[in-house]
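Structure record follows, encoded as structure tokens.
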Amino acid sequence: VDKSLLGAEKRFSREEASEATGLSAKEINELESYGLVQSEKSDKGDTFSAGNVQVMHLVKNLSKHGIQPRHLRLYQNFAERESTVMEQIVAPVLKQKGDDARQKAIQTLTELADLSKQLREALLANNLRNFLKRP
């Protein structure tokens with residue numbers, strides 16, 4: 001997990017996001033319609049977090065292999081389920097008073113996200129190795 005858990009991150013206007021990623025406004029709208037990115041209203045119009053722009057970059061690169069946004073909804077569904085599990089683990093900590101509780105929650109979420117990422121990568125690598133072993 002990047003440092004965005006720890007505080008505010010840079011915001012990009014729709015135009016800046018388009019310029020940074022090479023995606024058209026139509027493509028960004030499509031990503032929003034599939035729930036892969038979310039804009040927020042601000043005085044600059046719709047803006048996107050740096051995390052959303054990172055997702056746009058990844059989608060753009062995956063599209064070079066023929067993977068379309070509609071195929072990526074499963075990743076968003078999994079991320080939502082995964083974050084729900086982590087939220088349930090950390091919720092009791094956040095109910096405690098004091099800054100220490102918030103720091104402990106951030107530390108725990110960061111650790112859980114890192115372990116989860118490592119597990120996903122290991123499972124994917126195992127599956128791909130098994131695929132390559134097939135006759």
Counting only DSSP loop positions in region 52-135, the trypsin sites (Lys or Arg not before Pro) whose Cβ has at most 13 other Cβ atoms within 10 Å are Lys64, Lys95, Lys97
Expressed in nanometres to one decimal, the distance between label points 7 Å along Cα→Cβ at His71 and Gln118 is 3.0
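Set the Förster distance to 30 Å, then compute FRET efficiency between Gln103 and Ser42 from the Cβ-Cβ distance, nearest 0.05. Don't skip to the answer; put the middle values down first.
Numbers: r = 28 Å, r/R0 = 0.93.
Taking R0 as 30 Å, the efficiency between Gln103 and Ser42 is 0.60.
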So, for the Cα atoms of the chain, Rg and Dmax in Å stand at 17.6, 59
Magnitude of the Cβ-charge dipole (Lys and Arg +1, Asp and Glu -1) of the chain about the Cα centre, nearest 20 debye, reported as 560
Low-density loop trypsin sites (Lys or Arg not before Pro), region 12-51, at most 14 other Cβ within 10 Å, DSSP non-H/G/I/E/B, are Lys44
Given a 1.4 Å probe, the accessible area of the chain per residue, as a whole number of Å², is 73
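Would you work out the relative contact order for region 10-135, in percent, from Cα pairs under 8 angstrom that are 6 or more residues apart?
On the way: 84 pairs, mean separation 23.4, N = 126.
19 percent.
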Expressed as a percent, the accessible surface of region 1-126 that is carbon or sulfur, using a 1.4 Å probe and the full set of protein chains, is 54
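The values are calculated or read from the model by the stated rules, or taken from the named source; none is laboratory data. Bear in mind the structure is a predicted one, so any value in this text is a computation, not a measurement. Heads up, the Cβs are rebuilt from the backbone with ideal geometry, glycines too, and the neighbour counts pull from every protein chain shown. Side chains are part of the model used for accessible areas, which takes the heavy atoms of the whole protein and leaves out ligands, DNA and RNA. Shrake-Rupley method; radii C 1.70, N 1.55, O 1.52, S 1.80 Å.
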